[in-house]
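Have a look at the structure below before the remarks.
The values are calculated or read from the model by the stated rules, or taken from the named source; none is laboratory data. What you see is a predicted model, and the numbers here were worked out from it, not measured in a lab. Note that we place each Cβ from the backbone using ideal geometry, even for glycine, and neighbour counts take in every protein chain shown. Protein only, heavy atoms only, side chains kept; ligands, DNA and RNA dropped before computing areas. Shrake-Rupley method; radii C 1.70, N 1.55, O 1.52, S 1.80 Å.
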Amino acid sequence: MMAAAAALPTVEEFLKRCEESGDAAYGALRSVLERLEDPSTRAEARIFLGQLHNRLPDSDSDECFNKYHFQIQDIFLDQYQYHQGHQDRKKLTMIVIPSIFIPENWSFTFYEGLNRHPDSIFKDKTVSELGCGNGWITIAIAEKWLPSKVYGLDINPRAVKISWINLYLNALDDNGHPIYDAEKKTLLDRVEFHESDLLAYCRDNNIELERIVGCIPQILNPNPDAMSKMITEGASEEFLYSLSNYCALQASDTDISALVEIEKNSPHRFEFFMGLSNDQPICARTAWAYGKAGGRIAHALSVYSCQLRQPNQVKKIFDFLRSGFHDVSSSLDLSFEDDAVADEKIPFLAYLARELKDNSCFPYEPPAGNIQFRNLIAGFMKTYHHIPLSSDNIVVFPSRAVAIENALQLFSPRLAVVDECLTRHLPRQWLTSLAIEGAESDEYSKDSITVIEAPRQSDLMVELIKKLKPQVVVTGIAQYEAVTSSAFAQLLNVTREIGSRLFLDISDHFELSSLPSSTGVLSYLAGTSLPSHAAIICGLVKNKVYSDLEVAFVISEEEAIFKALSKTVEVLEGNTAPIRQYYYGCLFHELLAFQLADRHPPAEREYKKDTSAQLIGFSSAAKSVLNNSELSISDAEKSSLIHMDVDHSFLPIPSPVKAAIFESFARQNMGESEIDVTPSIKSFIRSNYGFQTDNSTEFVYSDNTQALFNRLILCCNQEGGTMCFPGGSNGNYVSAAKFLKANIKIIPTCPDVGFKLTDKVLGKALETVSKPWVYMSGPTINPTGLLYSNKEMENILTTCAQYGARVIIDTSVSGLEFDTSGWDGWDLGATLTKINSCNPSFCVSLFGGLSLTILSGALKFGYLVLDRLLVDAFYSFPALSKPHSTVKYAIKKLLGLMEQKAGELADAVAQQRTNLKSRSRRLKETLEKSGWDVLEPRGGVSMVAKPSAYLNKVVKISHSPKDGKENGAAHEVKLDELNIRGAIVKATGLCINSGSWTGIPGYCRFSMALGESEFEAALNCINEFDAVIRS
């Protein structure tokens, strides 16, 4: 039971006790607080304070402070009322003592600043004031704005006690009765004071704050433990006074000896100034000496303002961090100097956090780009520019440069005129070729592309087009001509007249803004459909956070162009990195959320094919690949197709990978060393493949291994070489070589050795090849999943050295070997040392990706370890989409975790090997049960099998609901090794690759890199198709 409080002294007795010392005055006030805290004596104690106030009518004078070591002062609030607020109280009555901050001009200025905010900023909110001192601002906030709760926090325990006294002094009237506000509450209901080092009290008590204010003239010591030992309630009044009261111009008798002591015992240094006009800081020791000598010292005052932006989005971020990603918290920095940066980055971090938290992997994306991203682009065009587009008018590319080069490769024009501002990333030989001189003669090479640079000014560009009659024109529009549509209309007309394809770049004029400027091109398209011979290119680089994060899109209203560009980006680039699309997708989403739906949306218009002169078609090589190669099935993008036919991993993403992805975007101001992946890649290829490098080795990085390989094909073409593929190679790479018009030789492989390449067969094939380039995958072979031993590689490389071959080793599907019995890995360094080749053309380059090795999912990253002989040729093709700095940061971090050989990531990879071994066994059993001949893999994520029991059978096939098409009448088909793929997808919705993709006659490829439910569904589809056959 609480002891009864001692009886109150008379006012005179109280003042006499206070005269003794500052500590005595504080003790006397503590005894009053004890009675205020007891409801039975509260009214009596409040009446006593009123009498004390009346006894000291001149209480604002320094005389009272010096004599009684405390002061009662009135703070008048009406002079600071910029908004009326909820109360009309004119003043607060406050007690102050020397050991706490005395309200000075700067604190009133701070309160004045708070008054400039609207009333809603504190109303019904949970608020905290840091460094509350005697509590006057805390009480003023509660009095004026009626927050649900205000916590006044201070590290000085005496300040907290005095603040409680002041709370009672203002919550009760002079008769000790409660003062109620408009909501029938008192200040005692709204205010609490607590001893706390900054927000420690709220953190320890799980108090979620909505607003934080603070006017803290100084942080005494960077070490909170040191301060907690120094500042205690038992510390002397003089010591606490010297810590508290120095700010702005100091009184001549201010004692700062305690600060000198802090500097002596810690690395902290205070800043003082010699008078108000001096801007050179001096330390506390110098200031103490200067002040003792009669000088006047000053202290700087800094005012900071911060607010929690977008609290709902920030909550999503912290929900993610609390779901097992606490280690990332230290990397999260939500302080921004620029509001525009915050408004862009915070929503993306919230989106990324939600995606990583809710999804075990990232979903399949069609080659044309993420369907949601394309819909957002179309929505932005409709909403802001009134152009009625759909996702089927938009193809996404990694960058503007890639889009331009891919378009030129698709058409392979005899002559192209390209804006001089857009030629920097085009292949060097296109810009130096003089094939135009023989354009009309038989001497002209059909494989050559000649690019003529042209000025952007429209009248000069038109003149060149009329004279040269190019088949393709790529140009932008000068800034001064972009305001109206006349320059665009002129370009459309002249290219239509002579039969040129027009690609118009609007990147420089396209604004990602809620108030985008109208341009002549977009105004034109709002009222007129884009002619069939024209397309729009737009590179997105104008974000506020990452100047080097780019994605691009091409707009065409002709279906044939849309489909061709979609397949071209698949063949030449693989696909556009999802992270790029997610980032800009968030920007479009925020802009669309900002807009109300248009009450008068643009009318849907019918596309009309215009009557142009004879236009150039797709190149013969491109046409052959687009029509005959086995590319991904993307006609039914909204359907539930199961993709066992793509080189993407849909395996679960481990927590360390998710953490690295989020951390890479959460970080700000990453150093060069943090994104330099080369040392990590060197270590990775040395430890996994024994591949040694030196200072002459070139390391090249890209978003996708497909883009890297295609640059090597172009190098082969430039050299006049022949690209040699073993039978049973990655079908996408073979298609790319055909698209790029490479000389190709398929080297036969034998089923007796699992369709591996052997040195004997290779040697026989190379006898007939001039300037051979040999592609092979390993250690794990794609698509068979078998393994090359170190001895087999030694024999193959020895043969290649004999014929001076350029060897390209693809490691993309290696790293998940699950049956390693009798296999000891590779040591390419030792192997190459043994080979003493006299042929100077022989070299070995290594390339691959890490999405399987470290289960990185959507984190697309490809590397190429390039021999010095190929460096100059490789860099003559500059339009390579390179990974963003955030990707390199995450990859470097993950490779570091893998080097530890233990931990959560290594455990996840080991578990995935076990899962793949189990999947391989189950898939094999399911296929063999249905009459397939299976080649059992030993690693990787794919399996090949031959449908022996189905070939030459006539079956009736009807569409599966999964393929996105309505069921129609069943039709008969005689199954063979080429149409088996189409039959399976129509009947079940399962996508696989046939023998035309694998390069192994009759053998289909099944990818096992699916999510758990998708893999189970795939097994069901195989059984379902077997039932169709047997029925």
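Atom-type composition of the exposed protein surface of the range 760-813 places 51 percent of the accessible area on carbon and sulfur (1.4 angstrom probe). Between Ala1027 and Glu261, residue separation times 0.36 nm minus the direct Cα-Cα distance comes to 267.0 nm.
Working note: 222 nm ellipticity from helices only, DSSP H runs with n ≥ 4, each -39,500 (n - 2.57), summed and divided by the residues of the chain, gives -12000 deg cm²/dmol to the nearest 500. What is the range 702-827 by shape, rounded, prolate or oblate, if you read a ≥ b ≥ c off the alpha carbon gyration tensor as root eigenvalues and call it rounded for a/c under 1.5, prolate for a/b larger than b/c, and oblate otherwise? Oblate, because a/c is 1.5 or more while a/b does not exceed b/c.
Highest average first, the peptides 526-536, 364-374, 985-995 ordered by how many other beta carbon atoms sit within 10 Å of their residues are 985-995, 364-374, 526-536.
Between Glu511 and Asp459, the simple label model (points 7 Å from Cα in the Cβ direction) yields a spacing of 2.8 nm. Dividing the mean sequence gap of close Cα pairs (under 8 Å, 6+ apart) by how many residues the chain holds gives a relative contact order of 9 percent. Of Lys658/Lys882; Lys738/Lys760; Lys382/Lys563; Lys123/Lys144, which sit over 18 Å apart, Cα to Cα? Exceeds cut-off: Lys658/Lys882; Lys738/Lys760; Lys382/Lys563.
A Cα-only calculation for the range 872-1031 places Rg and Dmax at 20.2, 60 Å.
Computed from phi, the 3J(HN,Hα) profile of the range 926-934 under the Karplus parametrisation 6.51, -1.76, 1.60 (θ = phi - 60°) reads 5, 5, 5, 5, 8, x, 8, 8, 10 Hz, with x in place of Gly and Pro.
At 1.4 Å probe size, with the rest of the protein present, what percent of the exposed accessible area of the range 677-741 is carbon and sulfur atoms? Kindly include the intermediate steps, with their values, before the conclusion.
Numbers: 700 of 1800 Å².
Carbon with sulfur: 39 percent of the solvent-accessible area.
The solvent-accessible area of Asp119, taken with every protein chain present and a 1.4 Å probe, is close to 50 Å². With the simple spin-label model, which puts each label point 7 Å out from Cα in the Cβ direction, the Ser687 to Lys466 separation comes to 6.7 nm. Could you tell me what percent of the accessible area of the range 815-964 is made up of carbon and sulfur, with a 1.4 Å probe and every protein chain present? Answer for the range 815-964: carbon and sulfur cover 46 percent of the accessible area. The P(r) of the range 746-890 has a tail past 20 Å containing 54 percent of all C-alpha pairs.
Full extension of the segment from Ala24 to Thr286, taken as 0.36 nm per residue of separation minus the current Cα-Cα distance, would add 91.1 nm. Shown here: Rg and Dmax of the Cα atoms in Å, derived from the displayed model; of the candidates (1) 39.7, 127; (2) 37.7, 119; (3) 30.8, 108, it corresponds to (2).
Rounded to the nearest 10 degrees, the inclination of helix 157-171 to the longest alpha-carbon principal axis of the chain is 70 degrees. Legend: Rg and Dmax of the range 832-925, from Cα coordinates, 18.2, 50 Å.
Straight-line cross-link partners of Lys264 among the aspartates and glutamates, defined as a Cα under 20 Å from its Cα and at least 8 positions apart when in the same chain: Asp225, Glu238, Asp255.
Could you tell me the convex hull volume per residue, in Å³, taken over the Cα atoms of the range 872-926? Walk me through the numbers before you get to the answer.
On the way: hull volume 9.7 nm³, N = 55.
That works out to 176 Å³ per residue.
Working from label points 7 Å from Cα in the Cα-to-Cβ sense, the Arg921 to Ser673 distance is 4.8 nm.
What FRET efficiency comes out for the pair Arg55/Tyr180, r = Cβ-Cβ distance, R0 = 35 Å, nearest 0.05? Write down the numbers at each step before the final one.
Working: r = 28 Å, r/R0 = 0.80.
Plugging the Cβ-Cβ distance into 1/(1 + (r/R0)^6) gives 0.80.
Heavy atoms of the protein chains alone define the surface here; on that basis the chain has 43 Å² accessible area per residue at 1.4 Å probe size.
Rounded to the nearest 10 degrees, the angle from helix 678-689 to the longest Cα principal axis of the chain is 50 degrees.
To the nearest ten degrees, helix 458-468 and the longest principal axis of the Cα atoms of the chain are 10 degrees apart.
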